[in-house]
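Structure first, commentary second.
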Amino acid sequence: MRKIDRWNKNWEFCKDKERMMNEWSSVSLPHTWNNLDGQDGGNDYYQGIAWYRKSLYKEADWKEVYIRFGAVSKKAEVWCNGDFVGSHEGGFSAFTLDLTDFLNTGVNEILVKADNSSELPIYPMFADFTFFGGIYRDVELIVFDSPLHFDVNRFGTDAIFITPDKSGKVMIDTYVNQGTEICAEVLDAAGKCVTRSEITKLDQLHDSAKVVRLNVQVPNVKKWRGIIDPYLYEVRLYLSQSDAQDTISANFGFRDYTISPSDGFFLNDEHYPLRGVCRHQDREGMGWAITDKEHIEDMALIKEIGANTIRLAHYQQAPFVYDLCDLNGMIVWAELPFISSYDEREEADANLISQMRELILQNYNHPSICFWGIANEVGIGKESPKLYQILKELNALTKKLDPSRKTVIANVGMTETSSELFKITDLTAYNEYKGWYVGSMDDHGIFCDEKHLEIPDTPLAISEYGAEAILSWHSETPKLKDYTEEYQALVHEKAELAFEERPYLWATWLWNMFDFAADARDEGGCRGRNNKGLVTFDRKIKKQAFYFYKACWSKDPLIYLCGKRFTKRSTNTISIKVYSNQSQVELWVNGVCKQSLEGRIIFEFTEVQLPTKYNEIRVCTPNGLVDSLIIEKVDDIPEEYIYIEKKHLAKGVEQWFANIDPNNGKDNLIREIIVNDGYLSVNDSMEEIYSCPEGYKAVQDLIAEPLRIENPSMADRMSTGGKMTFSGIWNHIRKHLPEDLYFMLNERLNKIQK
């Protein structure tokens, strides 16, 4: 029989690169050493080596002992009684080590070296979030009193892989350490057995890998239908020999899906538009060292707005999260942490392959997972044949391990659809930030239509969009880069309503459900944080945009009066905005009904008089929903509402990667302007660049459009060619744009023949 113990208490911790290990402190797991310095800004959080140790008392009847780590960031090395047991590279997947031959009866010492150093050839290398170090998920001891058991040392899994099909046939693969016979049964959601397999004698098998395949047929199949009815079955496997026995189990669901380039996503042959959120796993003051409690709270908030899909960006998340997605009917995009930049070291390629394999095998059984994401915004760095090759290898590995699901890449918005990045995976998606990093909030629909026309036969999704909002800042006339709740809400209003009108989008995921730590950031008066969440980092406050999506997606009756933190106004008349999924809303001021509006989602009452110093604003619906607040009339706009930055507010927000060196200052990797014979470059004249339609489009997309936000007249002057080289022009406009765009333009021009 097996015994599993959560092994989280009474650890000792020491942050020490030199292995002096003379200052130990007591900790409980999950644990990270970056829970504070990883969220305070400055991009100076500790990335390096730390140590954990704990005593293990081995009982005399323990025949085999394994230790399973839920995750250690980024690299783990483990010793037992001073002997090296094994290592693992990858900060998001589970791994199991066999301690049996290293243990003595009685007291033993387990020592773990955790390392989140930036120079390791382990992904992620460079991204817009903090890479928290530590043993930040649970640790388990798996103990057997016999060698007769299922294999627990196969890629961090319990070695049960379930493949159902539409007809009710279920194929079950497992791996056995030792045993003589095996059988399976399938239980329905009520725990009733609906079918059993024949008993298989293991001595009849000759596979040296000890793989066993069982097949069963489930009658009267009930489908897993997303949030409508997330129906789950359970497989139980039994391994036995006389008085010895081992049992493992896993949930699964029957569902199938298709994606049409013109009509979007279909679940079980029913049209099922995917609208949802991206989610990071960290929490204020906790980093990645969170528990099931925090995961449950996050799922409740995601469900509250009525989302039906989650992109679990940008890495493998806790097993319990995928369980929650199964139970709550969330369609999932599960993702590899191949982000932003490509490291050409062979060890880094091997790490990508390893992390991809673990992501798939450790999460194979979840019906919620429909998409394997193999990369995110790798077009930020230089595209190259080597980059394409590793992506093709990742895609091929994914299709080999799991041919039933679709593969996808999330591309940065400036990537051309002619790029090889759009030809590797089954599906494609864009991270686009119209109205924030580039363009106008009115451009979401235009962007989608342009890309869809360019690749009409490729299913297209929007994998990120959004804007920042910091609770302190507010405005009656919100504008780009004021960081107000009101501006963030406007961007989301424009985006979501544009996406609704475009059924060819197979999914959209807003960025992000929650604010999260990004220690390199310092903007909007807030250090160390990305504030694009609908909910604050501590999960205590729901921003205005949260309620917009609740009105759009949730079936729960809602009325929400906007401006909960914007209650001091300096004008005699104001506009009142209301979100509701009801068809009619009434406005009352100081107990008097002023107006009634009919509409959908957004109700805006204009020229509302504030007759007294304190004014009660109340909104209601015919079926009795009510919301209210008190507006105080003041003489001047309160300074507490206004974020003032030295840079001009009309300038576009800098991309997060614009002033960060993804190569950490390694001289041999610093980017340079490359000129290829016979191809365009930034060293050519504007006249020569514009003689090629692709060259004109590249300059307009990457340079003129962002420039138009701050200096429209200067952008207009770039509509015509001339004898001056682009490099010469860049010297006049570079102060208005991120330096990164210069290199991006050159890369694109390098692909255009003169």
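Here the chain exposes an accessible surface that is 48 percent carbon and sulfur, computed with a 1.4 Å probe and the other protein chains kept in place. The equivalent ellipsoid of segment 286-401 has semi-axes of 28, 15, 13 Å, largest first, where each one is the square root of 5 times an eigenvalue of the Cα gyration tensor. Per residue, the solvent-accessible area of segment 699-738 (1.4 Å probe, heavy atoms of protein chains only, all protein chains present) comes to 48 Å². Built from the Cα atoms of segment 157-258, the convex hull projects on average onto 7.6 nm², one quarter of its surface area. With θ taken as phi - 60° and the Karplus curve 6.51 cos²θ - 1.76 cosθ + 1.60 applied, the whole-hertz 3J(HN,Hα) list for segment 486-499 is 5, 5, 4, 4, 4, 4, 5, 4, 5, 5, 4, 5, 5, 5 Hz, x standing for glycine and proline. What the Cα convex hull of segment 11-148 gives, in volume per residue, is 114 Å³. Summarised in one figure, the compactness ratio Rg/Rh of the chain, Cα atoms and Kirkwood Rh, is 0.99. In the context of the full set of protein chains, segment 330-441 has a per residue accessible area of 27 Å² (1.4 Å probe). Starting from the Cα gyration tensor of segment 91-235, take the square roots of the eigenvalues, sort them a ≥ b ≥ c, and report rounded, prolate or oblate (rounded when a/c is under 1.5, otherwise prolate if a/b is larger than b/c, else oblate). In terms of gyration-tensor shape, oblate.
Cross-link reach is defined here as a Cα-Cα straight distance under 12 Å, omitting same-chain residues fewer than 8 places apart; for Lys735 the aspartates and glutamates meeting it are Glu654, Glu710.
Among the listed pairs Lys400/Lys532; Lys192/Lys399; Lys9/Lys58; Lys293/Lys479; Lys74/Lys386; Lys542/Lys568, a Cα-Cα separation exceeding 26 Å is found for Lys400/Lys532; Lys192/Lys399; Lys293/Lys479. Using a probe of 1.4 angstrom and keeping all protein chains present, the accessible surface of segment 3-101 works out to 46 square angstrom per residue. As I understand it, the dipole of the chain uses +1 on the Cβ of Lys and Arg and -1 on the Cβ of Asp and Glu, about the Cα centre. Which of Tyr579, Asn81, Val218 lies farthest toward its positive end? Of Tyr579, Asn81, Val218, it is Tyr579.
Take Met171: with every protein chain present and a 1.4 Å probe, its accessible area is about 50 Å². Distances between every pair of Cα atoms in segment 441-503, grouped in 10 Å steps from 0 to the bin holding the largest one, split as 21, 43, 25, 10, 1 percent. In sequence order, segment 579-596 has phi-based couplings of 9, 7, 9, 9, 8, 9, 9, 10, 10, 10, 10, 6, x, 10, 6, 9, 6, 10 Hz under the Karplus curve 6.51 cos²θ - 1.76 cosθ + 1.60, θ = phi - 60°, and Gly or Pro positions carry x. Relative to the longest principal axis of the Cα atoms of the chain, helix 444-454 runs at roughly 70 degrees. Classification of segment 322-383 by its C-alpha gyration tensor yields an oblate form. The axis ratio a/c (a ≥ b ≥ c) is 1.5 or more, and b/c is at least a/b. Mean sequence separation of contacting Cα pairs (under 8 Å, at least six apart), scaled by the length of the chain, corresponds to a relative contact order of 10 percent.
Shown here for segment 421-476: GluC sites (Glu not before Pro) in loop regions (DSSP other than H, G, I, E, B) with at most 15 other Cβ atoms within 10 Å, namely Glu476.
Note the angle between two axes, namely the Cα long axis of helix 292-304 and the longest principal axis of the Cα atoms of the chain, as a number of degrees from 0 to 90, rounded to the nearest 10. Orientation of helix 292-304: about 40 degrees from the principal axis. Using a cut-off of 27 Å between Cα atoms, the listed pairs Lys451/Lys540; Lys392/Lys751; Lys169/Lys406 include Lys451/Lys540 as exceeding that distance. Near Val194, the amide H atoms lying under 5 Å from its own belong to Val186, Leu187, Asp188; only residues 5 or more places off or on other chains count, and H is placed 1.01 Å from N. Provide the per-residue ³J(HN,Hα) series for segment 227-233, in order, calculated from phi with Karplus coefficients 6.51, -1.76, 1.60 and θ = phi - 60°, each as a whole number of Hz, with x at glycine and proline positions. So the Karplus estimates, Gly and Pro as x, are 5, 5, 6, x, 6, 10, 9 Hz.
The mean sequence distance of close C-alpha pairs (under 8 Å, at least 6 residues apart), as a share of the length of segment 605-645, puts its relative contact order at 34 percent.
The values are calculated or read from the model by the stated rules, or taken from the named source; none is laboratory data. Note that the coordinates shown come from a computational prediction; the quantities given were computed from them, not determined experimentally. Cβ: placed from backbone, ideal geometry, glycine included. Neighbour counts: every protein chain shown. Keep in mind that these areas ignore ligands, DNA and RNA; they rest on the heavy atoms of the full protein, side chains included. Shrake-Rupley method; radii C 1.70, N 1.55, O 1.52, S 1.80 Å.
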